[in-house]
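The values are calculated or read from the model by the stated rules, or taken from the named source; none is laboratory data. In this text, all values refer to a predicted model and were calculated from it rather than measured experimentally. With ideal geometry, Cβ positions are generated from the backbone for all residues, glycine too; neighbour counts draw on all protein chains shown. With ligands, DNA and RNA removed, areas are computed over all heavy atoms of the protein, side chains included. Shrake-Rupley method; radii C 1.70, N 1.55, O 1.52, S 1.80 Å.
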Amino acid sequence: MALLTVDKVSMFFGGLAALSNISFSVEQGEILALIGPNGAGKTTLFNVVNGFYKPSRGEVRFKDRTVSGLKPHQICRLGVARTFQVVKPLQRMSVLDNVIASAFLRSRTKAGAERRALEILEFTGLMEDRAMISKGLPLGKRKRLEIARALATEPELILLDESFAGLNPAELDVSIEIIKGIKKKGVTIMIIEHHMKVIMSISDRIVVLNYGQKIAEGTPAEISANPLVVEAYLGEAEGA
């Protein structure tokens, strides 16, 4: 049974169709990448999945339960966590306290939340920065803190929205290993990413969006050889 099912989802803003009849599933334990040119509808789809938007048509099911129309905090409590393109830590709080705040979703005591937070900081390589005020972190570590905060909610599915954008090659390699480690822990991952090194090295399957429509789905090898995908990414350059 699929962990997440997106079933004929459309999203309209006025007369604009940001998403049109999108369907796919995410299987337990896999990494599914969502790719496409800027404006393809990727983040809008994440916003539908985690409850920021209720779809205009269709539905989203998590563990075969319809979650369309639930609030983000309700969907998070069910087991779906999410990061954002623009990282949004609690800037005046320490790195540790940022993660503790998220851990309270599952922990009833501060001691339990702090214990969980410290485990996650160790896992994400942020233990040495635990006392730092989060706004002082460089971009690469802020990106990791965003992942740590999501992991603190103990998700079964984590949505990563361009968690590697702006990273240097060394930071990129560290983050790739973190994502692989998340998968080893049994957490299912859905990721939006423009960096093809990341996509090809970690994804089990890829869904491609263009102008709000799904144009392809398959393994990394299948997607890289798909002419529709090549056209979507390179069509403007070829026509120039």
Query - Selection from the stretch 160-180 of residues that are under 14 Å from Val86 (Cα atoms) and touching a residue at least 40 places away in the same chain (Cβ under 8 Å) - result: Leu160, Asp161, Glu162, Ser163, Ala165
**Report entry** Tally, over the stretch 48-89, of residues that are of a type outside the set (Ser, Thr, Tyr) and open to solvent by 70 Å² or more (accessible area, probe 1.4 Å)
**Finding:** 13
Requested in this report: Provide a single number: the residues in the stretch 12-47 that are in contact (Cβ under 8 Å) with a residue 60 or more places away in the chain and either open to solvent by 50 Å² or more (accessible area, probe 1.4 Å) or hydrophobic (A, V, I, L, M, F, W, C) (or both).
Outcome: 18
Requested in this report: Could you tell me which of the residues Ile35, Ile31 is outside the structural domain of Ile147 (by TED's automatic domain parsing), of a type in the set (Val, Ile, Thr) and at pLDDT 95 or above?
Outcome: Ile31
Query raised in the report: Which one is farthest from Phe84 (Cα to Cα), of the residues in the stretch 124-151 that are in a helix (DSSP H, G or I) and either among the aliphatic types (A, V, I, L, M) or in contact with a His (Cβ under 7 Å, 6 or more places away or on another chain) (or both)?
Result: Met127
Report task. Just one of (1) among the charged types (D, E, K, R); (2) at pLDDT 95 or above; (3) outside the structural domain of Lys42 (by TED's automatic domain parsing) trips up Arg77, so point out which. Result -> (3)
Query raised in the report: If you go through the stretch 190-237, how many residues are modelled with pLDDT under 85, crowded, with 16+ Cβ neighbours inside 10 Å and of a type in the set (Gly, Ala, Ser)?
Result: 1
**Report entry** Yes/no for Ile158 being open to solvent by less than 40 Å² (accessible area, probe 1.4 Å) and not in a helix (DSSP H, G or I)
**Finding:** yes
Query raised in the report: Got at least one residue in the stretch 133-140 being surrounded by 14 or more Cβ atoms within 10 Å (Cβ to Cβ), without any contact (Cβ under 8 Å) to a residue 40 or more places away in the chain and farther than 29 Å from Asn21 by Cα?
Result: yes
Report task. State yes or no: is Leu105 open to solvent by 30 Å² or more (accessible area, probe 1.4 Å) and within 23 Å of Met190 (Cα to Cα)? Result -> yes
Query raised in the report: Do we have any residue at all in the stretch 167-177 that's closer than 14 Å to Leu90 by Cα and open to solvent by 10 Å² or more (accessible area, probe 1.4 Å)?
Result: no
